[in-house]
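Structure record follows, encoded as structure tokens.
The values are calculated or read from the model by the stated rules, or taken from the named source; none is laboratory data. Values in this document were obtained by computation on a predicted structure and should not be read as measured data. Here the Cβ is made from the backbone with ideal geometry for all residues, glycine too, and neighbour counts use every protein chain on show. Accessible surface is based on the protein model in full, side chains and every heavy atom, while ligands, DNA and RNA are left aside. Shrake-Rupley method; radii C 1.70, N 1.55, O 1.52, S 1.80 Å.
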Amino acid sequence: MHNLSIVILAAGKGSRMKSPIAKVLHNICGRPMLYYSIKAAKEISDDIIVVVAHQKEKVISRINELFQEITFVVQDAETFPGTGGAMMGIKPKYDSVLVLNGDMPLVTPESLQGFVGRDADITMSVLDLEDPSGYGRVVISDLGVERIIEEKDASNEEKLIKHVNAGVYSFKRSVLEKHLPHLSNNNAQAEYYLTDIIWMAKSGGLHIEPLFVKEEQFKGVNSKSDLAASEVIMQNRIKEYWMQEGVVMQLPETIYIDEAVEFKGECIVENGVRITGKCLIENSHIKAHSIVEESVIINSDAGPLSHIRPQTHMENTHIGNFVEVKKSTLKGVKAGHLSYIGDAEINEGTNMGAGVITCNYDGKKKHKTIIGKNVFIGSDTQIVAPCTIDDDVMIAAGTTVTAKYVESGVLVLSRTPVKYIKNFFYNFFNLEKK
Ligand code: UD1
Ligand code: MG
């Protein structure tokens with residue numbers, strides 16, 4: 001921890017996202033993008049201030065679900081719009097203030113360390129980009145940074161500058177206190193630009209040091225296409241981390257894993273798998289093209305092509321292809337083919353044949369199916385919930401179980417008599433009999 005306050009600007013509308021959702025709440029690997037800069041900030045500082053305005057209630061409540069001890073400051077964005085306006089109401093605890101844009105999810109604690117403990121009055125992040133469009137251009141001379149020109153205010157010549165402002169700055173608090181009250185909104189966007197502090201400080205004789213950074217950590221998200229590009233980088237970090245921790249991944253570029261997913265023990269994830277939400281996968285094998293959402297999978301295998309939906313807990317279980325499981329607890333169960341298991345609790349040794357369906361919904365409500373140990377369920381069985389089946393039961397193929405309770409030892413069987421009509425095929429098609 002350093003004696004450093006961190007301000008994260010998250011009050012903007014993000015109009016270039018063309019979305020009713022606030023920009024900083026757009027998800028990257030299952031977390032709002034703002035989560036990542038706060039997480040990095042919390043590793044180096046104990047004074048985190050997040051500036052909000054647009055959709056402030058939603059932003060505050062989402063962040064409060066994820067973190068404690070965040071100070072929120074509401075920007076008066078009507079009177080003082082812009083990143084400079086966002087800084088006007090803040091009261092940092094420390095003399096050094098690190099400012100981050102909230103639309104930079106790729107920053108890491110290590111990449112922020114470079115801004116800590118600098119002597120300069122201002123240290124600002126600079127990216128060198130082949131295509132600088134969308135960013136403020138940074139004019140740098142032998143004497144350090146001179147000024148930042150926002151793209152909308154830049155001349156054609158200035159637009160050719162390839163040094164851009166990445167949006168992270170460390171200020172001495174006194175510099176902010178001195179210059180923030182003098183910002184004006186006399187620019188193309190009629191906004192109060194934080195970036196104007198650079199030329200103001202420079203004219204006042206202060207030194208502004210450029211710190212060259214990498215796009216891999218300092219890329220800003222302004223559009224849905226930036227969002228997708230940042231998610232690719234974040235995905236690679238997540239998968240690399242888990243592979244280093246010992247998870248086997250086949251064709252990792254085809255696998256999608258949320259930030260909240262946790263692996264333990266020896267796990268194999270095959271190609272095309274998607275694992276989202278808070279999941280624990282332990283000593284398990286997730287086979288090709290399966291989807292796992294918010295579930296716990298221990299000593300089990302699932303797929304290929306299975307769908308494990310939220311609130312599933314399975315242990316010592318085998319789930320095969322085209323099986324959908326939802327909100328169910330499966331312990332020592334086999335369901336190898338083409339089944340739907342929803343709102344169920346199923347116990348050791350129970351085998352579900354191909355096409356077994358728990359009919360959990362009656363058109364109004366969801367109901368539970370509870371199945372004991374060593375139940376043998378024949379193919380194409382429907383179990384109409386609510387239903388409790390005790391241990392040691394057999395259910396014949398094609399049965400519809402409508403009882404609320406089936407006791408141990410029973411065979412459940414529903415059959416209509418089958419007719420075998422001789423030569424029907426030949427007669428129907430007017431063919432000669434063989
Ligand atoms: C800003 C910089 C630009 C830099 C780029 C880096 C300014 C004036 N420009 O531009 O030089 O190259 O970031 O990504 O700072 N915000 C508020 N209140 C507001 C407006 C914005 O809190 O009134 C927040 C946004 O939520 C966002 C951040 O500030 O997280 C940056 O705003 P954005 O509109 O994305 O600025 P850029 O145009 O990207
Ligand atoms: Mg931006």
Segment 3-81 and segment 332-366: distance between their alpha carbon centers, rounded to Å: 42 Å
query: Across 10 Å bins from 0, what is the distribution of all Cα-Cα pair distances for segment 5-212, in whole percents?
result: 9, 36, 40, 15, 1
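Would you mind calculating the gained length between Ser141 and Glu215 on full extension (0.36 nm times residue separation, minus the Cα-Cα distance), in nm to one decimal? Present the calculation step by step, with values, prior to reporting the outcome.
Details: separation 74, 0.36 × 74 = 26.64 nm, distance 2.21 nm.
Roughly 24.4 nm would be gained on extension.
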field: Translational diffusion of segment 224-412, µm² s⁻¹ [Kirkwood Rh, Cα pairs; Stokes-Einstein; 4 °C; 1.567 mPa s]
entry: 76 µm²/s
- request: Compute from the Cα atoms of the chain the Rg and the Dmax, the latter being the longest Cα-Cα distance, and quote both in angstrom.
  value: 30.0, 107
message: Before I look further, what does the chain give for accessible area per residue, probe 1.4 Å, in whole square angstrom?
response: 49 Å²
- request: Specify the inter-centroid distance of segment 99-141 and segment 370-434, based on alpha-carbon positions, in whole Å.
  value: 68 Å
query: Using θ = phi - 60° and the Karplus form 6.51 cos²θ - 1.76 cosθ + 1.60, what ³J(HN,Hα) does each residue of segment 351-361 get, whole Hz, x for Gly and Pro?
result: 10, 10, x, 4, x, 6, 10, 8, 8, 8, 10
field: Candidates Val138, Val248, Val24: whichever shows maximal mean-square fluctuation once the chain is modelled as a Gaussian network with Cα springs under 10 Å
entry: Val248
message: What distance in nm lies between label points placed 7 Å from Cα along the C-beta direction at Lys178 and Ala396?
response: 9.3 nm
- request: Amide H neighbours of Met249 under 5 Å, at least 5 residues apart or on other chains, H built in the peptide plane: list them.
  value: Val269
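Could you sort out which of Lys91/Lys214; Lys172/Lys224; Lys13/Lys202; Lys326/Lys404; Lys39/Lys219 sit more than 24 Å apart by Cα distance in this structure? Walk me through the numbers before you get to the answer.
Details: Lys91/Lys214 30 Å; Lys172/Lys224 34 Å; Lys13/Lys202 30 Å; Lys326/Lys404 21 Å; Lys39/Lys219 17 Å.
In this structure, Lys91/Lys214; Lys172/Lys224; Lys13/Lys202 exceed 24 Å between Cα atoms.
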query: So, in nm, how far is label His337 from label Glu262 when the simple model puts each one 7 Å beyond its Cα toward the Cβ?
result: 3.8 nm
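Carbon-plus-sulfur fraction of the accessible area of the chain, 1.4 Å probe, in percent?
Working: 10850 of 21250 Å².
That fraction is 51 percent.
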Aspartates and glutamates whose Cα lies under 17 Å from that of Lys366, excluding same-chain neighbours fewer than 8 positions away: Glu324, Asp343, Glu345
